[in-house]
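Step one of this worksheet: look at the structure below.
FYI, it's all coordinate maths here, none of it is from the lab. The model shown is predicted, which means the values in this text are computed figures rather than measured ones. Cβ sites come from the backbone with ideal geometry, for glycine too, and all protein chains shown count toward neighbours.
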Amino acid sequence: MQEPESRACAVIDSVLDFDYTSGRTDTRSADAVIDFIRAHDLRLEWVLETHVHADHLSAAPYIQEALGGKIGIGDRITVVQNTFGKIFNEGTRLQRDGSQFDRLFTHGDSFMIGQMRAEVLHTPGHTPACVTYVIDDAAFVGDTLFMPDFGIARCDFPGGSAEILWDSIQKILALPEETRIFVGHDYKAEGRDQYAWETTVGAQKALNKHFGAGRSREEFVAMRQARDASLAMPRLIIPSLQVNMRAGQMPEPDDNGIS
């Protein structure tokens with residue numbers, strides 16, 4: 001997102017490429033973002049995360065090292081760190097206060113990108129720490145919403161909740177209908193040949209296959225819980241969570257020097 005007057009910009013939900021079979025990372029996607037910012041003479045002020053992703057690794061520290069800026073995420077990151085610190089048997093190695101990040105946002109917070117104001121909505125349900133960034137006429141929703149023909153995010157991770165996600169969706173739908181929504185992922189719903197990433201609040205209200213056209217809260221929750229029960233664990237969840245809850249840093253090396 002770029003502020004036109006000062007050339008300030010923010011990067012949202014960056015990606016560190018990871019080959020699962022070899023266990024190796026590379027920076028092609030992040031380098032493309034860095035090259036774009038440099039080519040357009042922009043000034044990076046924020047590297048923002050909408051949540052602790054379970055399907056890709058964050059490149060936030062790599063981009064920050066190259067271009068500066070502050071790394072921000074919702075303040076409920078501490079809930080995720082406490083939950084998964086225990087699952088991964090981190091002991092005292094992992095600080096669980098969110099201090100790996102430069103800024104922890106609460107619901108209703110605002111911050112500036114140059115002269116442009118960004119507002120923060122706490123939109124949990126997919127994870128406890130999910131936030132939506134509302135910047136001018138655009139909302140960056142992470143995985144809370146997908147394109148209307150694909151629906152919405154799963155809620156079966158620890159701390160997830162279909163009931164809470166319904167309430168969070170209502171916060172987003174309360175924005176003006178012409179508000180542009182930028183989704184974090186797209187999976188090309190059946191019958192669609194092209195990837196898509198932008199929709200509107202109005203389109204979500206009318207067309208979202210999981211909650212649109214007047215579906216009730218009870219119907220939504222029953223659908224989401226039944227669907228989640230049939231889903232496999234995300235392929236990259238174990239490496240992704242270990243890295244992303246540390247603001248993109250690798251876990252401390254073991255005795256052999258390998259993370």
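Details
- Calculated from backbone phi, Karplus (6.51, -1.76, 1.60) coupling profile of segment 157-173 in Hz, x at Gly/Pro: 6, x, x, x, 6, 5, 4, 5, 4, 4, 5, 5, 4, 5, 4, 5, 5
- Peptides ranked, highest mean first, by Cβ atoms within 10 Å: ranges 99-107, 128-136, 46-54, 16-24: 46-54, 128-136, 99-107, 16-24
- Spatial separation of Cα centroids for segment 124-154 and segment 37-111, in angstrom: 17
- Charge sum, other residues only, whose C-beta stays under 10 Å from residue 106's C-beta, Lys/Arg counted +1 and Asp/Glu -1: -1
- DSSP bridge orientation in the chain - percent antiparallel, rounded to nearest 5: 60
- Each residue, residue 225 and residue 138, gets one label point 7 Å from its Cα in the Cβ direction; the gap between the two is 3.8 nm.
- The overall shape of segment 76-223, judged from the alpha-carbon gyration tensor, is oblate: a/c is not under 1.5, and a/b is no greater than b/c.
- Cα gyration tensor shape for segment 13-115, rounded if a/c is under 1.5, else prolate or oblate: oblate
- In segment 1-123, the DSSP beta bridges split such that about 45 percent are antiparallel, to the nearest 5.
- Loop GluC sites (Glu not before Pro), segment 154-185, which have at most 16 other Cβ atoms in a 10 Å radius of their Cβ (DSSP): 177, 178
- Dipole in debye (nearest 20) - segment 8-232, about Cα centre, beta carbon charges: Lys, Arg +1; Asp, Glu -1: 400
- Based on DSSP H segments of at least four residues, each scored -39500 (n - 2.57), the chain has a per-residue ellipticity at 222 nm of -8000 deg cm²/dmol.
- For the chain, taking the reciprocal of the average inverse distance between every pair of different Cα atoms yields a Kirkwood hydrodynamic radius of 19.0 Å.
- Local net charge near residue 189, Cβ-Cβ under 11 Å (Lys/Arg +1, Asp/Glu -1): -1
- Take 33-41, 188-196 and order them by the average number of nearby Cβ atoms within 10 Å per residue, most first; the result is 33-41, 188-196.
- Net charge of neighbours whose Cβ lies under 12 Å from the Cβ of residue 81, counting Lys and Arg as +1 and Asp and Glu as -1: +2
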